[in-house]
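Contents: one structure, followed by commentary.
The values are calculated or read from the model by the stated rules, or taken from the named source; none is laboratory data. Remember, predicted model here, so these are calculated numbers, not experimental data. Backbone-built Cβ (ideal geometry, glycine too); neighbour counts: all protein chains shown. Protein only, heavy atoms only, side chains kept; ligands, DNA and RNA dropped before computing areas. Shrake-Rupley method; radii C 1.70, N 1.55, O 1.52, S 1.80 Å.
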Amino acid sequence: MTDASLSPAVRRHQRPMSAFWRRFSTNRSAQIGFLIVGVYLFFAAFGPWVAPYDPLAGSLRMRLAPPSTEFWLGTDDIGRDILSRIIYGARVSFIIMATAVAIGLVIGVLIGVVGGYFGGIIDSILMRIIDVMLAFPSIFLAIGIVAALGPGFFNVIVATGLFSVPQFARIARASVLSLKEREFVEAAHASGESTFNIISLYLLPNSLAPLMVQTTLRMSTVLLTAAALSFLGLGVQPPTPEWGAMLSNGRTYVMIAPHVATYPGLAIFIVVIGFNLLGDGLRDTLDPRMKQ
Amino acid sequence: MLPYILRRLIHLIPVMIGVTLCSFLLLKLAPGDPAEVLAGIEANPEVIEAIRRKHGLDQPLPVQYFYYLGNLMLGDFGKSISTGLDVGPMMWRALIVTLKLSALGLVLALVVGIVIGAVAAVRQNSFFDSTSMLFALFGAAMPNFWLGLLLMWTLSVTFPIFPAGGGTDLYSLILPAITLGTGAMALIARMTRASMLEVIRQDYIRTAYANGLSPPIVIIRHALKNAMIPISTVIGLQFGYLLGGSVATEIVFAVPGVGQLLVDGILARDYPVVQSTMLMVAIIFVLVNLITDISYAYFDPRIRLK
């Protein structure tokens with residue numbers, strides 16, 4: 001074997017980031033997902049400077065106007081520009097999504113890592129709590145939390161955040177359980193590393209790949225769930241330009257002005273596709289074994 | 001087999017305690033004094049005190065919890081605050097509608113999802129394959145309340161083929177079932193395709209072909225049957241997913257099911273209704289998962305030993 005045939009493999013080993021980036025940037029779903037999420041984040045960040053109109057001010061003269069050159073996506077029942085409301089809504093949904101997923105990630109990983117690492121009675125108790133949470137199927141857990149706390153922007157974040165805890169807890173626990181038997185972790189034990197160091201320097205960094213994939217995919221679940229809660233009247237309340245609440249409002253006019261409900265739904269749909277594609281792309285590039 | 005079932009049943013005890021505790025605490029967390037609510041606006045303090053004693057609301061919380069469990073065992077779910085009627089019968093009626101809708105959605109998702117997935121796998125990389133996988137991507141990302149409104153707008157407003165909702169007969173439930181089943185259908189189609197692609201590369205499939213069996217028989221009887229194993233494991237989970245989706249679907253099509261009951265209950269602060277509905281949904285979901293796990297263990301003995 002010559003040096004030339006050996007060096008690419010060695011180089012790939014030396015720079016995992018660049019190898020990751022090469023695979024990620026040639027992955028079709030990752031590209032499209034990255035693009036959609038990028039555009040979405042742009043609107044979430046710069047919405048107020050891009051939106052043509054005030055999202056809260058309408059003119060009754062222009063109520064339920066169909067799409068036109070003046071109002072690209074038409075207006076709603078009190079004459080507010082739907083495009084502007086969707087653009088402002090990007091920020092509302094992003095704040096909910098990012099905060100809720102962060103809550104789910106932090107609490108879930110904490111539960112999963114503590115349970116998986118210490119095992120025994122602590123693990124049993126934590127896993128029973130997770131089992132109880134999972135006994136309420138999908139959105140029911142979030143609805144139950146909202147029922148206890150009451151509707152509203154902040155409570156939707158808490159509800160969708162806690163609703164995400166079980167998934168992160170299970171992934172973190174499974175990852176820690178498989179890692180803690182590995183030689184490099186045993187070596188760290190033998191060299192007298194503290195428990196905190198073993199968890200934060202050895203276990204967590206090596207659990208990053210599945211957690212990153214789950215974080216991305218969870219974004220779309222939380223977006224859908226929060227929008228559903230608002231649609232049901234249990235989430236963000238009008239007049240806040242939230243996509244689910246806009247859709248719920250447009251429902252009343254589905255016979256005479258279907259555009260009021262159609263475009264907010266389309267916005268949710270596109271952003272969810274974006275995060276799903278990005279998540280799929282990440283999964284394929286970070287860990288091909290996770291691919292189903 | 002029996003030890004496995006017993007183990008699973010024992011495992012269920014803490015979950016059931018937790019679920020009933022959550023539902024009990026939901027009523028305790030709710031704002032307002034339940035005795036005052038039961039007594040009505042004009043009741044004097046003595047009446048409220050009497051009601052409090054009668055319902056055991058003057059007892060410490062753990063005692064109240066056991067009262068609550070006892071009442072549940074007797075099938076007493078309390079009375080609705082807004083209608084004054086027993087929650088039990090209201091809930092059973094709604095539950096039957098929701099289960100009917102979910103079952104219809106699940107059957108639709110399974111039949112269409114499996115057929116699409118299997119055909120896509122057999123014709124890998126064909127036009128059908130790429131279109132159906134695009135459909136699967138879209139189906140999984142579609143908010144079901146949006147899909148419901150779009151279906152209603154096209155198929156009952158613009159072209160009045162289906163009723164816009166309100167009914168619980170099979171025909172009225174077709175649009176709601178499509179709305180509900182599409183997400184699960186997309187997932188099942190993707191899973192079936194992946195599973196089929198793996199199976200049709202196996203040696204025994206080649207052997208079946210070599211023995212001169214016709215392609216439909218090989219595909220259906222040999223390949224699909226084995227490809228179904230991973231699908232069967234997610235049916236329980238998908239059922240829960242459909243139960244969750246039924247909430248928004250029922251609201252869109254005004255189907256008088258559990259979702260409708262629950263949302264109306266929350267908006268009217270009718271906590272006895274909310275509490276019992278949540279509890280019942282959780283119990284049904286846990287039992288469905290138990291049955292799925294047991295049947296899976298029955299078909300795959302390796303599971304029992306884990």
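Across peptide B:237-247, the average count of Cβ atoms from other chains found within 10 Å of a residue's Cβ is 4. The residues A:75, B:154, A:262, sorted by heavy-atom accessible surface at 1.4 Å with ligands and nucleic acids left out, run B:154, A:262, A:75 from largest to smallest.
At a probe radius of 1.4 angstrom, the accessible area of region A:69-157 per residue rounds to 36 square angstrom.
Which whole-number percent gives the relative contact order of region A:27-290, counting Cα pairs below 8 Å spaced six or more residues apart? It would help to have the intermediate numbers written out before the result.
On the way: 424 pairs, mean separation 69.5, N = 264.
Computed value for region A:27-290: 26 percent relative contact order.
The local environment of residue B:116, defined by Cβ-Cβ distances under 12 Å, has a net charge of +2 under the rule Lys, Arg +1 and Asp, Glu -1. When A:283, A:63 are compared by accessible area of protein heavy atoms, the largest-first order is A:63, A:283, using a 1.4 Å probe.
Per residue, how large is the accessible surface of region B:40-85? Use a 1.4 angstrom probe and give square angstrom.
Working: 3380 Å² over 46 residues.
Value for region B:40-85: 73 Å² per residue.
Computed from Cα atoms, the angle from the helix B:61-73 axis to the main principal axis of chain B rounds to 60 degrees.
The accessible surface of region A:27-290, taken with every protein chain in place and a 1.4 Å probe, is 68 percent carbon and sulfur.
Within 10 Å of the Cβ of each residue in B:251-263, the mean number of Cβ atoms contributed by other protein chains is 2. Here r is the Cβ-Cβ distance between residue A:42 and residue B:211 and R0 is 51 Å; the resulting FRET efficiency, rounded to 0.05, is 0.30.
Other protein chain C-beta atoms within 10 Å of residue C-beta, averaged over B:268-280: 2. For chain A, a Gaussian network of Cα nodes joined below 10 Å ranks A:144, A:89, A:116 by mean-square fluctuation, and the top entry is A:144.
Kindly identify chain A as rounded, prolate or oblate by the Cα gyration tensor criterion: order the square roots of the eigenvalues as a ≥ b ≥ c, call it rounded if a/c is under 1.5, otherwise compare a/b with b/c, prolate if a/b is larger, else oblate. Don't jump to the answer; show the numbers that get you there.
Details: a/c = 3.21, a/b = 1.64, b/c = 1.96.
Here chain A falls in the oblate category.
Of the residues B:298, B:271, A:253, B:171, ranked by 1.4 Å probe accessible area with the largest first, the sequence reads B:298, B:171, A:253, B:271.
May I ask you to derive the FRET efficiency for residue A:25 and residue A:95 from their Cβ-Cβ distance with R0 = 41 Å, giving the value to the nearest 0.05? Present the calculation step by step, with values, prior to reporting the outcome.
Numbers: r = 29 Å, r/R0 = 0.71.
Computed FRET efficiency for residue A:25 and residue A:95 comes out at 0.90.
In region B:107-216, carbon and sulfur make up what percent of the accessible area (probe 1.4 Å)? If you can, show how the numbers build up before the last one.
Values: 3560 of 5180 Å².
After summing per-atom areas, the C and S share lands at 69 percent.
Starting from the Cα gyration tensor of region B:243-299, take the square roots of the eigenvalues, sort them a ≥ b ≥ c, and report rounded, prolate or oblate (rounded when a/c is under 1.5, otherwise prolate if a/b is larger than b/c, else oblate). Oblate, because a/c is 1.5 or more while a/b does not exceed b/c.
Would you work out if chain B is rounded, prolate or oblate? Take a ≥ b ≥ c from the square roots of the eigenvalues of the alpha-carbon gyration tensor; rounded if a/c is under 1.5, else prolate when a/b is larger than b/c, oblate otherwise.
On the way: a/c = 3.68, a/b = 1.74, b/c = 2.11.
Since a/c reaches 1.5 but b/c is at least a/b, the shape of chain B is classed as oblate.
Structure remark: mean-square fluctuation, Gaussian network model of chain A, C-alpha springs under 10 Å; the largest value among A:197, A:155, A:206 belongs to A:197. For region B:88-305, the solvent-accessible area works out to 43 Å² per residue, with a probe of 1.4 Å and every protein chain left in place.
With helices defined as uninterrupted DSSP H runs, which ones in chain A have an alpha carbon span along their own long axis of at least 18 Å and mean Kyte-Doolittle hydropathy of at least -1.0?
Values: long enough: A:28-50 (31 Å, 1.39); A:82-118 (52 Å, 1.92); A:120-134 (21 Å, 1.69); A:165-179 (21 Å, 0.87); A:204-231 (39 Å, 1.03); A:259-286 (40 Å, 1.08).
Span-like helices, by this rule, are A:28-50, A:82-118, A:120-134, A:165-179, A:204-231, A:259-286.
Simple rule: put +1 on each Lys or Arg Cβ and -1 on each Asp or Glu Cβ in region A:114-242, find the dipole, and look at A:136, A:125, A:235; the Cα lying farthest toward the positive end is A:235. Once the Cα atoms are used to define both axes, helix B:87-122 deviates from the longest principal axis of chain B by about 20 degrees.
Students often check this: by mean Cβ neighbours within 10 Å, which of B:107-117, B:257-267 ranks highest, and how do the rest follow?
Numbers: B:107-117: 20.7, B:257-267: 23.5.
Highest mean packing first, the order is B:257-267, B:107-117.
Computed on region B:88-305, with alpha-carbon pairs under 8 angstrom and 6+ residues apart, the relative contact order is 29 percent.
Against the main long axis of the alpha-carbon atoms of chain B, helix B:127-141 sits at an angle near 10°. Would you mind giving the total buried accessible surface between chains B and A, with a 1.4 Å probe and ligands, DNA and RNA left out, rounded to the nearest 100 Å²? Rounded to the nearest hundred, the buried surface is 3700 Å². Mean-square fluctuation check for chain A, GNM, Cα pairs under 10 Å: which of A:62, A:212, A:255 is largest? Looking only at A:62, A:212, A:255, the largest GNM fluctuation is found for A:255.
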